[in-house]
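*Asks:* Quick one: the structure is below, and I'll ask about it shortly.
Computed from the coordinates by the stated procedures, all read-outs in this text should not be read as laboratory data. Predicted model only: the values in this text are computed from it and were never measured. Quick reminder, even Gly has a Cβ in these numbers, built from the backbone with ideal geometry, and neighbours come from all protein chains shown.
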Amino acid sequence: MVPANPVRKARFTFVSKKTDGDSSAARQLLQKNLEKLRPPKPELATNVLYCEDNLKQLAMMPADCIDLIYLDPPFFSNRFYEVIWGDEAEVRSFEDRWSGGIEVYIDWMRERLMEVRRVLKPTGSVYVHCDPTASHYLKVMLDLVFGKQNFRSEIVWKRTYAHSDTKQGRKMHGHIHDVILFYTKSDAWTWNPLYTPYDQSYIDNFYSHIEAETGRRYQLDNLTAAKPGGDTLYEWRGAKPYKGRYWAYSKAKMEEFESEGRLAYGKSGMPRYKRYLDEMPGVSLQDVWNDLPPITALAHERLGYPTQKPEALLERIIRASSNEGDVVLDPFCGCGTTVSVGHQLKRRWIGIDISPTACNLMVRRLARIGAVDIQVHGMPTTLDELRKLKPFEFQNWVIDRINGQQANRMTGDMGIDGWTFFLHDPVQIKQSESVGRNVVDNFETAIGRADKKTGAIVAFSFGRGAREEAARVRKQGTNIHLLTVTDLLERGDWAMKQLGITGGKPDLSVAPMPQFDASRHSSEELIASALRGA
């Protein structure tokens, strides 16, 4: 019979007093013995999304477990970060976030970056995406957290095209770049050199020769060196290196070049090496990135997420600082560009975001690329959790649950919060109990303005008056479905049929991606609206 608390047995190696007195060897043996007693580290879950405050989630992760971390935190200059999904009720709470100034922002970042360093492997790298407003403050703080000796690069990314605001009274240079601070945890980090294509002007100047037989471009390179190295004093086809110079290659290597047709001879008879353009990797990647265009309104990857970064930017970072099978973490995952690109590059990944809306968007985005075998933790799944959601998060949860579409500002002002999939019927969402007769009556008017005959109201519960009013308007030809949150949680297929969708919730891999477009209230409009009501 196995005892309730079995004793773990370990074999120890003791250091004799007759040893050379090497205390480091003794410490190593002691460490080895202690490792035998420690319980094995739990296996790190990957390909997982956490809907959670990143500080809390990072603190729960084991140390030294992540290969690459990319952070795109809220910029200090972007005072509208938390209202990107749009809701006037959220404006005032966010306005107080950085009311203490840059010191509060840096303190908020410091505690998160300390956890980032803890979970990073000794061979790991971290990229912190910021803007010039706070980059110099963050640089000093990162030097303290990671050590200034582990600073590697300040990358300048041209995030948008040049624009001229002179006519509008602008008296400064245009702001068109972001800053990405690159640090490592130690002096031994993963690094894969990357290259960019040569400019055409460079090609024309330095690869001006074109081989007649193949059409390949090449340049003629010197075959001599300033210092001797082995077999370098021979005569080649009657030619010798100039005074003070030596052949850069052995005679055997020169014969190999000759047989491959890699040697070209000038009038003097001196051989030169034919270096082909198509064999060159390109220009070694520098720290100014102006070749990655921003996401435009017509870009195929555009989701409408205000802080969305182009996939090419993340692909460059992930390729340079990780290998296939490595673990990539994004603690401010947003719309999921990091995890999406990481999955496509065969990396394991972990994404964290506090917004259920963002996490739902990531699930759909990942489904589009075939990443269906993923875990999602922390999403609201009970009535109590849904009651505690912020109003705009609750509204987005309902819209996602019915696979609907957000209403734009015009229909939003009419009392319509969203539209159903396929039939495009209006939906109104109430985060309240015992919704009454007047709500149904007002929604009937909104349905009529939208030139529809069917709609749905979603709430936690409905009063008797609401159900009586729904029955009355049904007799007049307008069908208003009253769906509770419990219906969506426990009777999803039935609820979807009420909305005219058969077969349950549509497959996420083919369902339309939610678009957070310009037709919704902008952050500036929300702020202005809140201030008017203050």
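*Asks:* At 7 Å along Cα-to-Cβ for each site, give me the label-to-label distance between Asp131 and Tyr234 in nm.
*Replies:* Taking the two extended label points, one gets 6.4 nm.
*Asks:* Same structure again: Using the beta-carbon distance between Val376 and Ile203 and R0 = 30 Å, what value does 1/(1 + (r/R0)^6) give for FRET efficiency, to the nearest 0.05? Intermediate values should be presented prior to the final figure.
*Replies:* On the way: r = 48 Å, r/R0 = 1.61.
Using R0 = 30 Å, I get an efficiency of 0.05.
*Asks:* Counting other beta carbons within 10 Å of each residue's own, what order do Tyr50, Tyr195, Tyr246 fall into, fewest first?
*Replies:* Tyr195, Tyr246, Tyr50
*Asks:* Around His377, which amide H atoms from residues at least 5 apart in sequence, or from another chain, sit under 5 Å from its own amide H, with H modelled in the peptide plane?
*Replies:* Excluding prolines and chain starts, which carry no amide H, the hits are Leu49, Tyr50, Cys51.
*Asks:* Let me ask something else. Which distance in nm do the two modelled labels at Tyr242 and Glu279 give, with both placed 7 Å along the Cα-to-Cβ direction?
*Replies:* According to this spin-label approximation, the distance is 2.4 nm.
*Asks:* How much FRET efficiency would the formula 1/(1 + (r/R0)^6) give for Leu29 and Ile106, where r is the Cβ-Cβ distance and R0 is 41 Å, rounded to 0.05?
*Replies:* Efficiency at R0 = 41 Å is approximately 0.40.
*Asks:* Let me ask another. Extending each Cα 7 Å along its Cβ direction at Arg170 and Glu324, get the distance between those two points in nm, one decimal.
*Replies:* Using points 7 Å along Cα→Cβ, the separation is 4.5 nm.
*Asks:* Here's a follow-up. Mind running the shape call on the range 113-219? Use the C-alpha gyration tensor, a ≥ b ≥ c as the square roots of the eigenvalues: rounded below 1.5 for a/c, prolate if a/b tops b/c, oblate otherwise.
*Replies:* It is oblate, given that a/c is not under 1.5 and a/b is not larger than b/c.
*Asks:* Exposure proxy check: His481, His136 ranked by fewest other beta carbons within 10 Å?
*Replies:* His136, His481
*Asks:* Also, quick follow-up: Based on the Kirkwood radius over alpha-carbon pairs, what is the Stokes-Einstein translational diffusion coefficient of the range 371-481 at 10 °C with 1.306 mPa s viscosity, in µm²/s?
*Replies:* Value of D from the Cα-based Kirkwood radius: 107 µm²/s.
*Asks:* Ala162 to Leu383: extension gain in nm, 0.36 nm per residue of separation minus the Cα-Cα distance?
*Replies:* Result: 74.7 nm gained on full extension.
*Asks:* In which sequence would Phe443, Phe460 go, from the one with the fewest C-beta neighbours within 10 Å to the one with the most?
*Replies:* Lowest count first: Phe460, Phe443.
*Asks:* Multiplying the sequence separation of Gln405 and Leu423 by 0.36 nm and subtracting their Cα-Cα distance, what value in nm do you get? Write out the running numbers ahead of the final one.
*Replies:* Working: separation 18, 0.36 × 18 = 6.48 nm, distance 1.12 nm.
Result: 5.4 nm gained on full extension.
*Asks:* If Lys and Arg each add +1 and Asp and Glu each add -1, what is the summed charge of the other residues whose beta carbon sits under 9 Å from the beta carbon of Val179?
*Replies:* Cβ neighbours under 9 Å give a net charge of -2.
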